[in-house]
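I have placed the structure first, in the form of C-alpha cells, so that the comments after it can refer back to it.
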Amino acid sequence: MTTTTAAEKKIIAVTIDGTPVGVPEGSTILDAAQKAGARIPTLCHHPSLAPIGSCRVCLVSVAGVDRPATACNTQALAGMAITTRSEGLFNLRREVIKMILAHHPLNCTPCPLNGDCRLQDMAYEYDLTTFDFSEYLLKTVEFPWKAFSTPILDYHPRRCILCGRCVKVCAEIRGLGAITMNGAGAHTVVEPVMADRESQSRCISCGECMRICPVNAIEERMGSAKGKPWETTKTQTTCTYCGVGCQLDLNVVGGRVVGVTTRDDVGVNRGRLCSKGRFGYTFIHSPDRLSRPLVRNAAGELEETTWTTALTLVAREFRRIRDNHGPQALAALSSARCTNEENYLFQRLARQVFGTNNVDHCARL
Ligand code: FES
C-alpha cells in the first residue's frame, strides 16, 4: 500500500483573515490558521489525537456559510475565506467559555495548574468572572468522591470540562479504553470502564489521561505538595527505568523533585511515559537511599567515607584481583537503571580496563 505524505499532497489556497495561505489538501481550518499565524483558542484539540470537536471554543466564520464552524475539525477547502477574529466571534466564544465555566470552579488557588492553565487564560482574555454565571440560575452539582481507574490518580469531576481528551488518549494512543464518560448533562463524569462489573481495571497507571487533561481534572495522588508553575524549575533528563531513552522533565521546587512532566515535541516518546517513568520519582529523596559511600572497617562495620577514599579502595582491590588471579576473575554487572550510554561506557571499562568480557546486566537475572 502506498501512502501520501503531507509533502506530496496537493496544496490548496485559502484565506485567513484576508491573508492567502496554502495548505495540504485535507488540512483543517485550524491547521491553516496556525500556518497563517492566526491564534484560535482550543481546549479539546490535541495534535496527537484525532479531532474531538467537543468544546467549541475554536469557532470561526467561513464566508458564504451561515453558521460558525469549529476550526479544529472542519476541513479547509480550496477558496475558503475564513475569519478568525471579529466582535461576533469574540461574543460567541465568550458564551461557550461561560458555559464551560458554569461547571468548572474559578477558585483556581487550590489547583496546581493555577498560572499555567489555558482555561484560566481564556477566562482572563474573554473577561469572565463568577459574576457572569448568575444569569444561568444553575445549581452546583455535588459529586461524592469515587475511586478512579487506579489508586495513583484522583479525578475531580467539578474541574472536568468533559472535553474527552482523556478517554480518547486511553483508547487511541494506549489502546486500552480503560475509561469512559458516564451520566448525562451536568452529572456526566469520566469513570473506569465497567467499574462495577470488573474487579480488575484495564488501567495500567500510565497517567496519559492526566498528562493530556487541559484543566487538571485528573491529578496524581502521590502525597507530596506540588509547586506552582512559577516556582517550579524543569530539568530535562532521560528516564532511567529502561533503555528506550524517554525524555522527561523533572519538576523541582526548593531543591526537591515534586513531579515529572513531558513535552509533546521532545524525545522518542513525544510526551508519553509508562507508569514507572511518570510516577516512579519518589525514590530520589527516599531516606533509605544510599547517598554517601560506605566502607567496611576492620571490625566489619560500614562507615561513611569520602568518594575519593571509596573509589581508591575499589580501584586498588580490582587491580589486586586482576594481578593475582587474572582478568577473568573479574566480572562487570550493569544496571537497567542506567542509560544506554552509561551501559556502553561501563562495558568499555570492563573490556578495555579490566580486560574481561565477563559483562552482564541485571535485567537478565
Ligand atoms: Fe475545536 Fe474543541 S478545540 S471543538
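FYI, it's all coordinate maths here, none of it is from the lab. Remember, it's a predicted structure, so these values are computed and weren't measured experimentally. Cβ sites come from the backbone with ideal geometry, for glycine too, and all protein chains shown count toward neighbours.
Below is a table of values for the structure above.
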{"quantity": "Residues that are more than 25 Å from CYS163 (Cβ to Cβ) and touching a Pro at 6+ places or on another chain (Cβ under 9 Å), drawn from the stretch 6-35", "calculated": "ALA6, ALA7, GLU8, LYS9, LYS10, ILE11, ILE12, ALA13, VAL14"}
{"quantity": "Selected residue (only one of ARG272, ARG278 is closer than 24 Å to GLY255 by Cα, of a type in the set (Lys, Arg) and in contact (Cβ under 8 Å) with a residue 40 or more places away in the chain)", "calculated": "ARG278"}
{"quantity": "Only listed residue being more than 13 Å from the chain's Cα centre (by Cα) and in contact (Cβ under 8 Å) with a residue 40 or more places away in the chain, chosen from THR305, THR309, THR240", "calculated": "THR240"}
{"quantity": "Long-range neighbours under 6 Å by Cβ, at least six apart or interchain, first residue farther than 11 Å from THR84 by Cα and without any contact (Cβ under 8 Å) to a residue 60 or more places away in the chain within the stretch 48-70, second among the aliphatic types (A, V, I, L, M) and near the ligand (Cβ under 10 Å from one of its atoms)", "calculated": "ARG56/VAL96"}
{"quantity": "Condition met for TYR281 (in contact with a helix residue (DSSP H, G or I) (Cβ under 6 Å, 6 or more places away or on another chain) and among the aromatic types (Phe, Trp, Tyr))", "calculated": "no"}
{"quantity": "Selection within the stretch 82-104 - touching a residue at least 60 places away in the same chain (Cβ under 8 Å), closer than 24 Å to THR15 by Cα and not polar (S, T, N, Q)", "calculated": "ILE82, ARG85"}
{"quantity": "Among the candidates ILE204, ILE218, residue that is touching a Cys at 6+ places or on another chain (Cβ under 6 Å) and not acidic (Asp, Glu)", "calculated": "ILE218"}
{"quantity": "Residue ranges of helices (runs of 4 or more DSSP H) in the stretch 254-365 with at least 2 members out of contact with any Gly (no Cβ under 7 Å at 6 or more places or on another chain) and loosely packed, with under 14 Cβ neighbours inside 10 Å", "calculated": "307-325, 340-348"}
